[in-house]
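One structure is given here, and the rest of the page talks about it.
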Amino acid sequence: MIAKAELHVHLEGTAPPELIGRIAARNGVALPPGMLAADGRFHYTNFLHFLETYDLAASVIRTAEDYRDITYEYLASVAQEGGIYVELTASPDHATAVGLSDEEHYGGIAAGIDDARRDHGIEGRIIVSAVRNYGGENAVRVAHHAAARPHPYVVGFGLAGDERVPPTEFAQAFAIAHDAGLGCSIHAGEWEGPRSIRAALELPVTRLDHGVRAIEDPKLVEEIADRGITLNTCPTSNVVLGVYPSLAEHPLPHLRAAGIRVTLGSDDPPYFGATLGGEYDVCRAQFGWDDQHLREVTTAAIDAAFCDEELRAQLRARLHEGPLAEAPAGATGPGDNGE
Ligand code: HPA
Ligand code: ZN
């Protein structure tokens, strides 16, 4: 099994309905009406509705233990698929909304990371993200908060939410985060086109979350490739939310062929029926990517990770160790390239 690393996943968005239900019951709160469809899955009909449903699910997450469990269960599931590293996008705006202190919020996530490392050998770090539609001033507040390093596992700053609020509103927030030595990434080029990606590239970012609509502007594709900007793409999320009609029409192979470094992410796994391993499978089945291509995806993620150099070296060593043990005894051995 190829070692995998993920840079684009929203922490509250990793919790499936079953876990949200368990947490709600534990906290003595009712499940928010409208959150689930009749089939028990998260209910939404478009991107903005998705963000609303996401907020409903997040509203029952109330304690450090909740954040610990969500983090642990997600990392454990990724480890089962060969994941060795995940950068979890945390949202202090959501934690603050339920009255959770920073200490509880990050303490819970960090406990989940520590327990998952102990039990499953997977590493995790935290990206602090502001909600875009709360505006530039709020993002400045969140950036100051991230710059103060609320926990040693905080390594990056990002922006999620409604992409229609342009990147230009967030110059100050990104300057604060960048000056504090945090890695910076922004959602762009998912709902908005090349113009918003160009604006995003004025910020001190080394990565874009999605960025796939760059394909509409060949000069922009060239610039992204030349500057070594990494695109953290989520093909299943894009198709489920209707950015592209089908995987066959997704531009990922063209972006890669143009020399852009791409990684794979699940975005909000249970909402989109995605998993990190599933995204690797999609690229194999849909785009014909072989083991070497897929290993390059993991290499791109490790290279673009916001972690310290010591951890990056460890992750590279694990990737080059060869296939992770998975198959029945005797079926694969060291140096075998089998997935
Ligand atoms: N996109 C943008 N904002 C988000 C997402 C997403 O997938 N999940 C949570 N906030
Ligand atoms: Zn996202």
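Only the coordinates and a few stated rules stand behind these numbers; no lab work does. Just so it is clear, the model here is predicted, and its values are computed rather than measured. Here the Cβ is made from the backbone with ideal geometry for all residues, glycine too, and neighbour counts use every protein chain on show.
Between the amide H of Thr263 and those of Leu231, Asn232, Thr233, distances stay under 5 Å, these residues lying 5 or more places away or on another chain, with hydrogens modeled in the peptide plane.
Remark: the range 159-165, residue by residue, has Karplus-estimated 3J(HN,Hα) of 9, 10, x, 6, 5, 5, 6 Hz, where x stands for each Gly or Pro and the curve is 6.51 cos²θ - 1.76 cosθ + 1.60 at θ = phi - 60°. Remark: the Glu321-Ala285 segment gains 10.5 nm on full extension, using 0.36 nm per residue and subtracting the alpha carbon distance. Each peptide among 311-321, 176-186, 38-48, 267-277 gets the average number of other Cβ atoms lying within 10 Å of its residues, and from highest to lowest they stand as 267-277, 176-186, 311-321, 38-48.
Note on Tyr134, Tyr67, Tyr72: ascending count of other Cβ atoms within 10 Å places them as Tyr134, Tyr72, Tyr67, the fewest first.
Can you tell me how the chain classifies by the Cα gyration tensor, rounded, prolate or oblate, using a/c under 1.5 as the rounded cut? Here the chain falls in the rounded category.
Per the Debye formula on identical point scatterers at the alpha carbon atoms of the range 160-248, with no solvent, log10 I(q)/I(0) at q = 0.16, 0.17, 0.19, 0.20 Å⁻¹ is -0.61, -0.69, -0.85, -0.93. In order along the range 87-99, phi translates into HN-Hα couplings of 9, 8, 7, 9, 10, x, 4, 5, 5, 4, 4, 9, x Hz, rounded to whole numbers, per the Karplus curve 6.51 cos²θ - 1.76 cosθ + 1.60 with θ = phi - 60° and x for Gly and Pro.
Ranked by the mean number of other Cβ atoms within 10 Å of their residues, highest first, the peptides 233-240, 165-172 fall in the order 233-240, 165-172. The range 13-40 and the range 104-131 have Cα centres spaced 22 Å apart.
Among DSSP bridges having both ends in the chain, what percentage is antiparallel? Round to the nearest 5. For the chain, the DSSP antiparallel bridge percentage is about 5.
Database remark: amide H of Glu6 closer than 5 angstrom to the amide H of Tyr85, Val86, Glu87 (H placed geometrically; neighbours at sequence offset of 5 or more, or on other chains; Pro and chain starts carry no H). Listing Phe157, Phe174 from fewest to most neighbouring C-beta atoms within 10 Å gives Phe174, Phe157.
Scalar couplings 3J(HN,Hα) for the range 255-270, obtained by applying the Karplus form with A = 6.51, B = -1.76, C = 1.60 to θ = phi - 60°, are 5, 5, 5, 7, x, 7, 7, 10, 10, 10, x, 9, 6, 9, x, x Hz; x denotes Gly and Pro. Using only side-chain charges placed at the Cβ, +1 for Lys and Arg and -1 for Asp and Glu, the dipole size of the chain relative to its Cα centre rounds to 220 debye. With R₀ set to 35 Å, the beta-carbon distance separating Phe47 from Arg118 gives a calculated FRET efficiency near 0.40. Using just the helices of the chain, give the 222 nm mean residue ellipticity in deg cm²/dmol: DSSP H runs with n ≥ 4 each add -39,500 (n - 2.57), and the total is spread over all residues, rounded to 500. Taking each H run of at least 4 residues, the total per residue is -14000 deg cm²/dmol.
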